[in-house]
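Here the structure comes first, spelled out in C-alpha cells, and everything after it is commentary.
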Amino acid sequence: MNTRIFGKTGRVVVEVGLGTWQIGGNWGDVPDATGLAVLRTAYELGTTFFDTADVYGDGRSETLIGKFLQETKARDRLFLATKLGRRGDPGWPKNFTREIVRQHTEDSLRRLGIDALDLTQLHCVPPDVLMRGELFGWLEELKREGKIKAYGASVEAMDEALWCCAQPGCAALQIIFNIFRQKPIHTLFDVAKRNGVALIVRLPLASGLLGGKMTTATKFPAEDHRNFNRDGQAFNVGETFAGLPFAKGVELADALKPSVPAGQTMAEWALRWCLDFEAVGVIIPGAKSPEQARANIRAGSLAPLGAVQHQKLADFYARQVAAHIRGPY
C-alpha cells in the first residue's frame, strides 16, 4: 500500500489505517475473536497505523490490541495512537488534571503492553479546557519522560483545530472528514501542512452512510451509537452520521450512487476521495469483520477521482449537504 510522511514526526505510515472504535464497543457486539481477526487482517494486508482510545469499551479496544501485539510481536512495525480525556473514572472535570492525565496514559500503556505510545491525542475535550493549554503542557512532560513519542488532539470544530495547529508541540490532529463534511479542505488543510501537523481522518464513511447500503428502515443494535446518539443524546451529534439527520443522510447517499464508477463499491470510492487530498496523513475507517477491513484497504489501490468529479462533489456538498450538518463544525 501507499505510504505518507506523518507530519513533523517524520514517521512513515501506510495511508489506510484502522480505527478500532468498532471492536471496542458502541457499534454493536464484536466478539474478541472477531476483533483480533480484524486486527490481524489489517496488519497482514499492510496496515501500519492503529488508532484506539482508552474509552472504547472501557479499555477493551486497547486490551485487544495488546493481545494482538503479544501474538504477532509486531510492535516495531506499527504506529499506535490512542486518546484520553473521556473516561468516566474520575470523569469531567477531574480528568483534566496533571495527575489523571499521567494515570490514564500509564493505564493505556499497561493495557497495550508497550513502553511508549507513538501518539497520544486529547479526546474531544471541552474547547475551553483545551485552549487553556495546560493539557498540552502535561503531555509535553510525558513526552520528555519517554512515555509518549508525540501528542495531538481529536477535535470537533475547525476553530479548535486551528488553535492546536498554532501550538509548537502539536504533531497531529484527528478530524471528521468525508464527502458529507468538507469544511476542513478550505479551513484547515493549508494551515496543517504549513505547520507540519499530520491529519488523521476519522469517520471517512460517515458512520456507514457512504457505504451506500442503508435505507431509512435500517435498524441498529441498542448499544450502537447510530441508534442512541442520532440527535446527540450521548455525545456530539457530529460523531454520528457526520451530524446529518439519518433520513437526510440516506437520501444524500442515494443521490450519490450514480456517481460511483463501475467496478467500485461506494465505500471504496468514498475512501478514495479522502485519500486524494495531500494534506491527509492517514484515514482510519473502522471494521467489524475481516471482510470490512479488506474492503477498506482496497481503496488505497484505486486511481484518484480526478478534477471533474472532485468539483462535482464539492458543488454537491455546498448545494445539498452543508446546511443540514449539526453540531460543532
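FYI, it's all coordinate maths here, none of it is from the lab. On a predicted model such as this, the values are computed, not experimentally measured, just so you know. All Cβ positions, even for glycine, are placed from backbone atoms using ideal geometry, and neighbour counts span all protein chains on display.
What FRET efficiency comes out for MET131 versus HIS310 if R0 is 25 angstrom and r is the Cβ-Cβ distance? Round to the nearest 0.05. Mind showing how you got there, number by number?
Details: r = 33 Å, r/R0 = 1.33.
Given R0 = 25 Å and the Cβ-Cβ separation, E is 0.15.
Using a simple spin-label model with points 7 Å from Cα along the Cα→Cβ vector, what separation in nm is obtained for ARG144 and PHE235?
Here the modelled spin labels are 3.1 nm apart.
Cross-link candidates for LYS193: which lysines have Cα within less than 26 Å, leaving aside residues fewer than 8 places away along the same chain?
Straight-line reach from LYS193, under 26 Å: LYS8, LYS83, LYS143, LYS149, LYS183, LYS312.
Need one number: nm distance between label points at ASP159 and ARG98, each 7 Å from Cα along Cα→Cβ, rounded to one decimal.
Output for this residue pair reads 3.0 nm.
Which value, in debye to the nearest 20, gives the size of the charge dipole of the range 1-69 about its Cα centre, when Lys and Arg are +1 and Asp and Glu are -1 at the Cβ?
320 debye
Given a Förster distance of 25 angstrom, what is the FRET efficiency for SER259 paired with THR218, based on the Cβ-Cβ distance and rounded to 0.05?
Here the calculated transfer efficiency is 0.70.
For ARG319 and ILE185, calculate 0.36 nm times their separation in residues minus their Cα-Cα distance, and state this gained length in nm to one decimal.
Extra length available between ARG319 and ILE185 comes to 46.6 nm.
In the range 3-324, what % of DSSP beta bridges are antiparallel (nearest 5)?
Percentage antiparallel, nearest 5: 10.
In degrees between 0 and 90, to the nearest 10, how far off the longest principal axis of the chain does helix 60-72 point, with axes built from Cα atoms?
Once rounded, the angle reads 80 degrees.
Report the label-to-label distance for ASP58 and GLU291 in nanometres (one decimal), using points 7 Å from each Cα along the Cα→Cβ vector.
Rounded to a tenth, the inter-label distance reads 3.2 nm.
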